[in-house]
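Heads up: the structure comes next, in structure tokens.
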Amino acid sequence: MPTVSVAITINGTLYERSVPDDLPLLDFLQEDLGLTGTKLGCGIGVCRACTVAVRRVPTAALTPLLSCSTPAAHLSGQEVFTVEGLGDARHLSPLQKSFLDEFAFQCGYCAPGFLMAAHILLDSLRFAPVPRDQLDAAIADACGAHICRCTGYKRYYAAIRKAALAEPGLVS
Ligand code: FES
Ligand code: FES
């Protein structure tokens, strides 16, 4: 199997490895790096449980990426963020705290994908705030394609709305 050298910055740490050229980023995260927070759901680019964030240009907003269906080799030279980069049990990010405060998940399997989608949304609002009456639409745009088998959408959206309104400057 052909291999390729990759150098990917993940949550601020540079990882240089030789990997199969078709190795999905999700497998690279979980099996090579032990970062198991990103979840495999459908494996075919539908559920978005495997969403990570990519900053392709240092001065640009984050963009979502489906790690189940993107080879790690495609991310070489880029900056990737996973749910482990948001915070940990002792140092929750405001977004993670909002999810907890709103009881915004049930089994929690889809939560890392929703957290990353919300994280990407908040990052984009720092570049381009929205009027308050457009916030719900922005949340739906960011998260509407994510699937939660426990159907906890309402609380997810409430947690994201609360986090967006709590940070000054995201909503005009
Ligand atoms: S695991 Fe479902 S979109 Fe990636
Ligand atoms: S909380 Fe169970 S799948 Fe979403």
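The values are calculated or read from the model by the stated rules, or taken from the named source; none is laboratory data. Model, not experiment: these values are computed from the prediction. Ideal geometry is used to build each Cβ from the backbone, glycine not excepted, and the neighbour counts take in all protein chains shown. Each accessible area value is taken on the protein alone, full model and side chains, heavy atoms only, with ligands, DNA and RNA left out. Shrake-Rupley method; radii C 1.70, N 1.55, O 1.52, S 1.80 Å.
Quick one: would you say GLU84 is of a type in the set (Asp, Glu), at pLDDT 95 or above and within 16 Å of ligand 2 (Cβ to nearest atom)? Break it down into steps so the answer makes sense when it comes.
Details: of a type in the set (Asp, Glu): yes; at pLDDT 95 or above: yes; within 16 Å of ligand 2 (Cβ to nearest atom): no.
It is false that GLU84 is of a type in the set (Asp, Glu), at pLDDT 95 or above and within 16 Å of ligand 2 (Cβ to nearest atom).
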Here the residues within the stretch 48-67 that are touching a strand residue (DSSP E or B) at 6+ places or on another chain (Cβ under 6 Å) and within 16 Å of ligand 1 (Cβ to nearest atom) are CYS50, THR51, VAL52, ALA53, VAL54, THR63, PRO64, LEU65, SER67
Expected output for the stretch 42-54 (first residue among the hydroxyl-bearing types (Ser, Thr, Tyr), partner within 7 Å of ligand 1 (Cβ to nearest atom) and open to solvent by 10 Å² or more (accessible area, probe 1.4 Å), Cβ below 7 Å, 6+ apart or cross-chain) is THR51/LEU66
Could you list, in sequence order, all residues of the stretch 102-126 that are in contact (Cβ under 8 Å) with a residue 60 or more places away in the chain and within 23 Å of SER67 (Cβ to Cβ)?
TYR109, CYS110, PRO112, GLY113, MET116, ALA117, HIS119, ILE120, ASP123, SER124
Restricting to the stretch 94-115, what's the tally of residues that are open to solvent by 20 Å² or more (accessible area, probe 1.4 Å) and more than 16 Å from ligand 1 (Cβ to nearest atom)?
9
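Sort through ALA145, ALA89, ALA140, ALA166 and tell me the only one that's surrounded by fewer than 20 Cβ atoms within 10 Å (Cβ to Cβ), of a type in the set (A, V, I, L, M) and without any contact (Cβ under 8 Å) to a residue 12 or more places away in the chain.
Working: ALA145 fails: without any contact (Cβ under 8 Å) to a residue 12 or more places away in the chain; ALA140 fails: without any contact (Cβ under 8 Å) to a residue 12 or more places away in the chain; ALA166 fails: without any contact (Cβ under 8 Å) to a residue 12 or more places away in the chain.
Exactly one residue qualifies, and that residue is ALA89.
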Identify the single condition in (1) open to solvent by 50 Å² or more (accessible area, probe 1.4 Å); (2) in contact (Cβ under 8 Å) with a residue 24 or more places away in the chain; (3) of a type outside the set (D, E, K, R) that THR36 does not satisfy, given that it satisfies every other one.
(2)
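What about LEU121, is it away from ligand 1 (no atom under 16 Å from the Cβ), of a type in the set (A, V, I, L, M) and within 14 Å of the chain's Cα centre (by Cα)? Reasoning before the result, please.
Working: away from ligand 1 (no atom under 16 Å from the Cβ): yes; of a type in the set (A, V, I, L, M): yes; within 14 Å of the chain's Cα centre (by Cα): yes.
When the stated conditions are applied, LEU121 passes them.
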Take the stretch 42-63 and flag every residue that is surrounded by 19 or more Cβ atoms within 10 Å (Cβ to Cβ) and not polar (S, T, N, Q).
CYS47, ARG48, ALA49, CYS50, VAL52, ALA53, VAL54, LEU62
